[in-house]
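Reading through the C-alpha cells given below for one structure.
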Amino acid sequence: MNFLKVLRERHLALLWSSQVLSAIGDYCYSIAVIWIAVQVAGSAAGVVAAAQTGAALLFGLLGGVYADRWNRRATMIAVDLARAGVVGMLPALALTHTLALWHLLLVAVIVGSLGALFNPALQASLPALSGDTRTLQATNGLMDATRRLARVLGPGLVGILATFLPLAHFFTLDALSFAISALALYSLGRHFAWKPAPQADQRRGIRGIAGDLAGATRLARKHGPIAWMLATNWLIALAWSAAFVVGVPLLADRALGGSVTVYGLMVGAYGVGNVLSNLVIGSVTIQRRVLVMLLGRLIVAGGFVLMVSVPVLPVALLGSALAATGGPMADIPLLVMIQTDLPSNQIGKVSSLEMTLESGGSTLGLLLAIPLFRYLSSAAGIIICSLVIALPSIGGLARFGFEEPTIRPAERETAPLPAKPEAS
C-alpha cells in the first residue's frame with residue numbers, strides 16, 4: 001500500500017507522527033478550554049470556541065497569502081513555537097488560580113489566527129516533500145487522517161488522562177505537542193523547496209494582498225473541477241455540520257434510546273469509517289479524480305439517509321460509517337488536484353480559500369440547524385441535509401460526466417519534486 005511507502009520515508013513519517021501528536025494535543029486543549037470556561041463563565045463559555053473559529057475565518061485568506069510568500073518551513077516552526085508559548089502560559093495561570101475568561105479568549109484568538117497561517121503552509125509544502133503524485137496522494141491521506149485519528153482516540157485518551165492528570169496540564173500536553181511539531185519540522189532540514197518562486201509584480205501592503213487573492217481566485221476559476229468544488233464546498237460543509245454535529249446527537253436522544261453511549265458509538269463509527277477510507281484512498285491510484293470526488297459526496301448523503309432509514313442502532317452505526325467513507329473520497333483528490341494542477345506559489349492561497357469557505361459554511365450550518373431541528377424531527381432534518389449534499393454532486397456529474405475532463409494545467413515554475421538546498 002502507498003501509505004506504507006510514505007511511512008518508510010523518514011522525513012514524511014516524522015512529519016506525520018508529529019502532526020498526529022499535535023492533533024491529539026489540540027483535542028486535549030479543546031476539552032480543557034471549554035470545561036474551564038464553563039467553570040469560569042458558565043453559559044458564556046461558548047464565546048471562547050466562537051473566538052477561535054472567528055479568528056481562523058478572519059485570518060484564513062491572509063494565511064494563504066503569506067504561505068506563498070515566506071519560507072514555509074520557517075513559518076511553520078515559528079507558528080508552532082508561538083502556539084507552544086501561548087498555550088503553555090495557561091497551566092501556570094490555572095494552577096495559581098488567576099486564570100480568567102479574558103485569558104482564554106486571548107489564547108483562543110491567537111491559536112485560531114496562527115493555525116490559519118500554519119495549515120496552508122503545510123499543504124503547500126507537501127508536493128516538494130512527497131516527490132511524485134502517488135506519494136503525494138498517500139501523504140495527503142495520512143495527513144488528513146490526523147484529525148480523524150484524534151476524533152477516534154481522543155475521547156478514550158482524555159478519559160484515561162483525567163484520572164491522574166490535573167485538567168490544567170491538558171494545556172501542557174498541547175504546548176508540548178506544538179514544541180515536538182516544531183522540532184520535527186526543524187529536523188527536516190533545508191533540502192526541499194520550502195520557499196516558492198516569487199510572483200511577477202508582487203506588491204506589498206493591502207493592495208498586494210488583495211491582488212494575490214484576486215489572482216489565485218481567477219486561477220482557480222479557470223480550472224473547472226477545482227472551481228466547482230470550491231463553489232459548492234461551503235454548501236456541503238453547511239449541510240454536514242447541521243446533520244452530524246447537531247442532527248446525530250438529536251437522533252441518538254430522540255430515536256435511539258436517549259443514551260450518550262449511543263451517541264458516542266455513532267461518533268466512533270464515523271471516525272473508524274473516516275480512517276479506513278483515508279488509508280484506502282491514499283493507497284489506490286485514482287484515474288478519475290473528479291468522478292471519485294463527486295461520488296464521495298453522494299456516499300456521504302447516502303450514509304446519512306441510511307442512518308435514519310430504520311430507527312435501530314445497528315443501522316444507524318452502519319449509516320454513520322458509510323457516510324464517513326465519502327469524506328476522504330472528496331477531500332483527498334481535491335487536495336492533490338490543487339497541489340499538482342496549480343503553480344506552487346498559488347497552492348497556499350487556494351488551499352486557504354478552500355479552508356475558509358468550508359469553515360464559513362460549517363459555522364452557518366450550525367446556526368441554521370437551530371430552526372431546522374426545532375420544527376422538524378431529527379430524521380427529517382438529516383434527510384434535508386442529505387439532499388443539500390447530494391444535489392451539487394448530481395449537478396457536477398451532469399456537468400463533467402463520468403470521464404475525467406481534460407484539464408490544461410496552469411503554467412508552473414517548478415514540478416513538485418525535491419529541490420536543491422536553499423538558505424532558510
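Here are some notes:
- Restricting segment 331-341 to residues that are of a type outside the set (S, T, N, Q) and more than 13 Å from ALA67 (Cβ to Cβ), the residue that is surrounded by the most Cβ atoms within 10 Å (Cβ to Cβ): ILE332
- Flag if THR75 is among the hydroxyl-bearing types (Ser, Thr, Tyr) and either surrounded by fewer than 23 Cβ atoms within 10 Å (Cβ to Cβ) or closer than 30 Å to VAL38 by Cβ (or both): no
- Within segment 153-188, tally of residues that are among the small types (Gly, Ala, Ser), closer than 25 Å to ASN274 by Cα and at pLDDT below 85: 3
- Residue match in segment 281-302 (condition: closer than 20 Å to LEU142 by Cα, of a type in the set (Gly, Ala, Ser) and either touching a Lys or Arg at 6+ places or on another chain (Cβ under 8 Å) or not in a helix (DSSP H, G or I) (or both)): yes
- Every test in (1) assigned to a helix (DSSP H, G or I); (2) more than 30 Å from GLY131 (Cα to Cα) is passed by PRO311 save one, and that test is (1).
- Qualifying residue in segment 409-423 (condition: part of a helix (DSSP H, G or I) and either at pLDDT 90 or above or exposed (fewer than 14 other Cβ atoms within 10 Å of the Cβ) (or both)): no
- Test: residue in segment 99-118 that is touching a residue at least 24 places away in the same chain (Cβ under 8 Å) and in a loop (DSSP other than H, G, I, E, B): yes
- Among residues of segment 153-179, those that are of a type in the set (Ser, Thr, Tyr) and surrounded by fewer than 18 Cβ atoms within 10 Å (Cβ to Cβ), counted: 1
- Only one of VAL300, VAL312 that is closer than 30 Å to ALA220 by Cβ and aliphatic (A, V, I, L, M): VAL300
- Within the option set SER378, SER344, being more than 19 Å from ALA121 (Cβ to Cβ) and of a type outside the set (A, V, I, L, M) holds for one residue only, SER378.
- TRP35 vs. criteria in contact (Cβ under 8 Å) with a residue 40 or more places away in the chain, surrounded by fewer than 17 Cβ atoms within 10 Å (Cβ to Cβ) and among the aromatic types (Phe, Trp, Tyr): yes
The values are calculated or read from the model by the stated rules, or taken from the named source; none is laboratory data. Not measured: the values here are computed from a predicted model. Don't worry about glycine lacking a Cβ; one is built from the backbone with ideal geometry, like all the others, and counts go over all protein chains shown.
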